[in-house]
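*Asks:* So that we are looking at the same thing, I have put the structure below in C-alpha cells.
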Amino acid sequence: MTALRLEGISKHFGAIQALSDVSLSLAAGEVVGLMGDNGAGKSTLVKIIAGNFRPTQGGMFIKGREMQFHGPLDARRAGIEIVYQDLALCDNLSAAVNVFLGRELTRSVGPLRILDYPAMNARAATLFRELRSETRPRDKVKSMSGGQRQAVAIARTRLSDADIVLMDEPTAAISVRQVAEVLNLIRELKRQGVAVVLISHRMPDVFNVADRVIVLRRGRKVADKAIAATSPEEVTGLITGAIEHA
Amino acid sequence: MPDNSGANAAGALEAVIDRQSHGMVGRMLGQQAFWVFLAALLACVALSLTADAFATPQNLFNVTRNFAFVAIIALGMTVVIVSGGIDLSVGSVLCLSAMILAITMNAGYPLAVGVAFALAVALLVGFVNGALIAWLRIPPFIVTLGMLSIARSAAMVLSGNKMIFQFGPDEKLLFALGGGSTTGIPNPVIALVLLALATGFALRWTRWGTHVFAIGANEKAAVLTGIGVPRLKISVYMFSAAMAGVAGILMAGWLGGVTTNLGQSMELSVIAATVIGGANLLGGAGTVFGSVVGAALIELIRNSLILLGISTFWQGAFVGCFIVLAVAFDRIRAYRETDG
Ligand SMILES: Nc1ncnc2c1ncn2[C@@H]1O[C@H](COP(=O)(O)OP(=O)(O)OP(=O)(O)O)[C@@H](O)[C@H]1O
Ligand SMILES: [Mg+2]
C-alpha cells in the first residue's frame, strides 16, 4: 500500500530553487534512504512532508488522499512524525518535557488543567528504555550527550502510532554503538509497517537498513533505485554528479 | 524467577524516573535566586543589628509595600524575559493605566469601572506590543522602546499634563485599596503574593508556562513542534502590561494622586530585579521567586542607606554592583559546570 506519494513538488525560497519537480512514493513498511550533497534539498523535502513548509508547486497524497498541511500539527494528525536535523530541543527543559513539547499531557485539578509530569516522565522513561538509551527523563537536555539528545528527538516520534517517520540525519554526531541502536530502531519501525525516510550522509547506514535509495542533486531527483540494484560507488557518483542520472 | 521480572522492570523504570543528575540541595545551590535570597536575608540581619529603626513594624511595613510595586511588574517582566524578550514600556504603561483610572473616577464613575478601563487599556497596549513583535517581527527592544514613549505621551495628552488627585465618589475605596492594609499587611503586598503564586503556578504547571520557557530557549524548535508562537508572544506582552496596569492602580491609591511622571524609569528597577533574581536576558531562564527577591533586595539597599544615614544617591551604585555581581556569579558557575 502506498503510504505517501509526492507529485511534482517544487519549492523556492525567494530566488533559491530548493526543489524542482520531485515525485516519489513510499510504501508502508518501506525504508527509503534520501541522499544528496549539502544543500541538495533533503531537509526542505522532509520539512514539506512534515508540514513545516508549503510546497510552491505540486501535490502530496497520503494513502491516496490529497493533503495540504498548514503546520506541523496537521502533519502529525495525518500520522507523520519527524526527527529534525538540528533535533529541535529546548536545553532548559527536561528530557520528558522535550519529548512531549507541543502535546504535553495534562490532568484536571478542579477547574484547572495542569501538566501531568509523573505521566510524562513515566512514558518517556519507557520510550528511552525501548530505545536502549541511558536518558533520564527528568534531566535537563542542556547536560546531555549527543546520543541522549538524539534519543529524546527520536522518542518524540514514538508518542503516536505514526505511519510515516522522517529522520533527518539521525546518526550524525553519535557513537558507533548508538548508531547501531538507531538502525535497529528503524528496522523495528519497518517491522511494524511504518514507512521511514532516512536522510543520511553515511553510506553504510543507508545500505544497512534501506530498501531503496533516492538521490537529490541541486533540488532534482536524479535516482530512485532498489538498494539491491545499486552500489555505494554508484550512489556516490550520483551525489557528486560524476554519474548524471540513473 | 520469571514471574518477578515484570515487577523488577517496573521498579527499575521508577528508579530511572527518580534518578536525576542533581539532588534537591544541589539544584537549590545552583539557583541564583537562592544566593540572592541569602544576601537579602543577611542584609536584613545586619540591618536589624546595626540600625534600631529597621526591625520596627512601621519600617518593615513601608519596605514591603515599597518593593511590592516593582515586584508586581517584575512578575510580568520575568515572563517576558524568560520568553526571550524585553518590555521597556512597563513604567509608561503603569502611568497610562493609573491616569485612565484617575480620569474615569474623576469623572464620577465607580472604582470598578475605572479599574476595568485601566486594565483594558493596559491589555490593549500589551496586545499592540505583542502583535508588532510576533507578526511584524520587530525586535522587542525597539517596539517597547517606542511604546515607552507613546504610552507616557498618551497619559500627558489625556490629562493635559495635570496632576489628578480627586477620584470622585469611590475615592476612599481607591485609597484603601492601594494605601490600606488587611490584617496588618499592606494591600499591595497581598496583591503581590497572590499574583506571584499565580504566575509561579502558570510557569511551572501549565502548557503556557512550558511553552514560554521553550520559545525562550529555542524559538525555532517551538515553531517546528507546532507551538503557536505568535499567539504565545502576544499573551506574554499582554501579561506584562496587565501587571504594570495592576501596579499602576495600586500606586494611584497609595499616592492619592496621579502625575504624568509616575513610574518614570521604573522599567530599569524592574529589569534589574529580574536579572538579579536570575533571569537570563538571552531568554529561557528565570524564576518568580528570584525576581521578587531581587526587587526586595533593591528596596533593602535603598532602605539601609536611609537608615544608616548615607545619601540615597548611592543607591544606583549599589544596585548596579548587584546586577553585575549577580550575573558574574552566574557566569562563574556556568564555567564550573562546563569544566566539571
Ligand atoms: N528557510 C529557508 N529560507 C531560505 N532558503 C532556504 C531555507 N531552507 C533551506 N534553504 C535553501 O534551500 C537549499 C536546500 O537546503 P536543505 O536544507 O534542504 O539542504 P540539505 O540537503 O538538507 O543539506 P544538508 O545536507 O546540509 O542538511 C539550500 O540552498 C538552502 O540554503
Ligand atoms: Mg539538511
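The values are calculated or read from the model by the stated rules, or taken from the named source; none is laboratory data. Quick caveat: nothing in here was measured; it's all calculated off a predicted structure. All Cβ positions, glycine included, derive from the backbone under ideal geometry; neighbour counts span all protein chains shown. Note: areas computed on protein heavy atoms with side chains; ligands, DNA, RNA excluded. Shrake-Rupley method; radii C 1.70, N 1.55, O 1.52, S 1.80 Å.
*Asks:* With of a type in the set (Gly, Ala, Ser), away from ligand 1 (no atom under 16 Å from the Cβ), surrounded by fewer than 18 Cβ atoms within 10 Å (Cβ to Cβ) and farther than 23 Å from A:ASP74 by Cβ as the only criterion, which of A:ALA210, A:ALA226 stands out?
*Replies:* So the residue among A:ALA210, A:ALA226 that is of a type in the set (Gly, Ala, Ser), away from ligand 1 (no atom under 16 Å from the Cβ), surrounded by fewer than 18 Cβ atoms within 10 Å (Cβ to Cβ) and farther than 23 Å from A:ASP74 by Cβ is A:ALA226.
*Asks:* Look at A:LEU93 and say whether it is within 21 Å of the chain's Cα centre (by Cα) and facing chain B (nearest Cβ under 10 Å).
*Replies:* Here the answer is no, as A:LEU93 does not meet what is asked.
*Asks:* Could I ask something else about it? For residues in the stretch B:261-281 being closer than 21 Å to B:LEU148 by Cα and open to solvent by 40 Å² or more (accessible area, probe 1.4 Å), which is farthest from the other protein chains (Cβ to nearest Cβ)?
*Replies:* So the residue we want is B:ASN261.
*Asks:* Go through (1) more than 10 Å from chain B (Cβ to nearest Cβ); (2) closer than 20 Å to A:ARG123 by Cβ one by one and return the number of the condition A:GLN68 breaks.
*Replies:* (2)
*Asks:* Could you grab me the full set of residues in the stretch B:218-234 that are open to solvent by 40 Å² or more (accessible area, probe 1.4 Å) and not basic (Lys, Arg)?
*Replies:* B:ASN218, B:GLU219, B:VAL223, B:GLY228, B:PRO230
*Asks:* Any residue at all in the stretch B:145-159 that's over 20 Å from the mean Cα position of the chain (by Cα), within 14 Å of another protein chain (Cβ to nearest Cβ) and surrounded by 22 or more Cβ atoms within 10 Å (Cβ to Cβ)?
*Replies:* no
*Asks:* Related question: Please specify each residue of the stretch A:53-71 satisfying the condition of being touching a residue at least 24 places away in the same chain (Cβ under 8 Å) and not hydroxyl-bearing (Ser, Thr, Tyr).
*Replies:* A:PHE53, A:PRO55, A:GLN57, A:GLY58, A:GLY59, A:MET60, A:PHE61, A:ILE62, A:LYS63, A:GLY64
*Asks:* Let me ask something else about it. Just give me the residues in the stretch A:188-198 being under 17 Å from A:ALA155 (Cβ atoms) and out of contact with any strand residue (DSSP E or B) (no Cβ under 6 Å at 6 or more places or on another chain), in sequence order.
*Replies:* A:GLU188, A:GLN192
*Asks:* If A:VAL194 satisfies every condition in (1) buried (at least 18 other Cβ atoms within 10 Å of the Cβ); (2) within 15 Å of the chain's Cα centre (by Cα); (3) within 16 Å of ligand 1 (Cβ to nearest atom) but one, which is the exception?
*Replies:* The one condition A:VAL194 does not meet is (3).
*Asks:* Which of the residues belonging to the stretch A:72-81 are buried (at least 20 other Cβ atoms within 10 Å of the Cβ) and either acidic (Asp, Glu) or at the interface with chain B (Cβ under 8 Å from one of its Cβ atoms) (or both)?
*Replies:* Correct list: A:PRO72, A:ARG76, A:GLU81.
*Asks:* Is there any pair linking a residue in the stretch A:213-236 that is without any contact (Cβ under 8 Å) to a residue 60 or more places away in the chain to one that is within 16 Å of ligand 2 (Cβ to nearest atom), with Cβ under 8 Å and at least six apart or on different chains, and which?
*Replies:* Final answer for the pair search is A:VAL222/A:VAL215; A:VAL222/A:LEU216; A:ALA223/A:ILE214; A:ALA223/A:VAL215.
*Asks:* Would you pick out the residues in the stretch A:163-178 that are open to solvent by less than 10 Å² (accessible area, probe 1.4 Å) and either in contact with a strand residue (DSSP E or B) (Cβ under 8 Å, 6 or more places away or on another chain) or not in a loop (DSSP other than H, G, I, E, B) (or both)?
*Replies:* Passing the criteria: A:ILE164, A:VAL165, A:LEU166, A:MET167, A:ASP168, A:PRO170.
*Asks:* Residues B:ILE306, B:ILE323, B:ILE298: which one is at pLDDT below 90, within 25 Å of B:VAL45 (Cα to Cα) and open to solvent by less than 40 Å² (accessible area, probe 1.4 Å)?
*Replies:* B:ILE298
*Asks:* Give the stretch A:182-225 a look and list any residue that's farther than 21 Å from A:ALA151 by Cβ, more than 16 Å from ligand 2 (Cβ to nearest atom) and not in a strand (DSSP E or B), or say none.
*Replies:* A:GLY193, A:MET203, A:PHE207, A:ALA210, A:ASP211
*Asks:* On to the next question. Regarding the stretch A:5-22, can at least one residue be identified that is of a type in the set (A, V, I, L, M), within 16 Å of the chain's Cα centre (by Cα) and within 12 Å of ligand 1 (Cβ to nearest atom)?
*Replies:* Checked the stretch A:5-22: no residue is of a type in the set (A, V, I, L, M), within 16 Å of the chain's Cα centre (by Cα) and within 12 Å of ligand 1 (Cβ to nearest atom).
*Asks:* Filter the stretch A:34-71 down to residues that are farther than 27 Å from A:ARG217 by Cβ and either open to solvent by less than 40 Å² (accessible area, probe 1.4 Å) or in a loop (DSSP other than H, G, I, E, B) (or both) and give me whichever is nearest to ligand 2 (Cβ to nearest atom).
*Replies:* A:GLY71
*Asks:* Continuing with this model, one more query. Is one or more of the residues making up the stretch A:117-135 touching a residue at least 24 places away in the same chain (Cβ under 8 Å), closer than 30 Å to A:ILE214 by Cβ, open to solvent by 10 Å² or more (accessible area, probe 1.4 Å) and away from chain B (no Cβ under 14 Å)?
*Replies:* Within the stretch A:117-135, none of the residues are touching a residue at least 24 places away in the same chain (Cβ under 8 Å), closer than 30 Å to A:ILE214 by Cβ, open to solvent by 10 Å² or more (accessible area, probe 1.4 Å) and away from chain B (no Cβ under 14 Å).
*Asks:* Would you pick out the residues in the stretch A:96-111 that are of a type outside the set (Lys, Arg) and more than 8 Å from chain B (Cβ to nearest Cβ)?
*Replies:* A:ALA96, A:ASN98, A:VAL99, A:PHE100, A:LEU105, A:SER108, A:VAL109, A:GLY110, A:PRO111
*Asks:* What helices (runs of 4 or more DSSP H) completely inside the stretch B:122-209 contain at least 3 residues that are over 30 Å from B:LEU60 (Cα atoms)?
*Replies:* Per the criteria, B:140-159.
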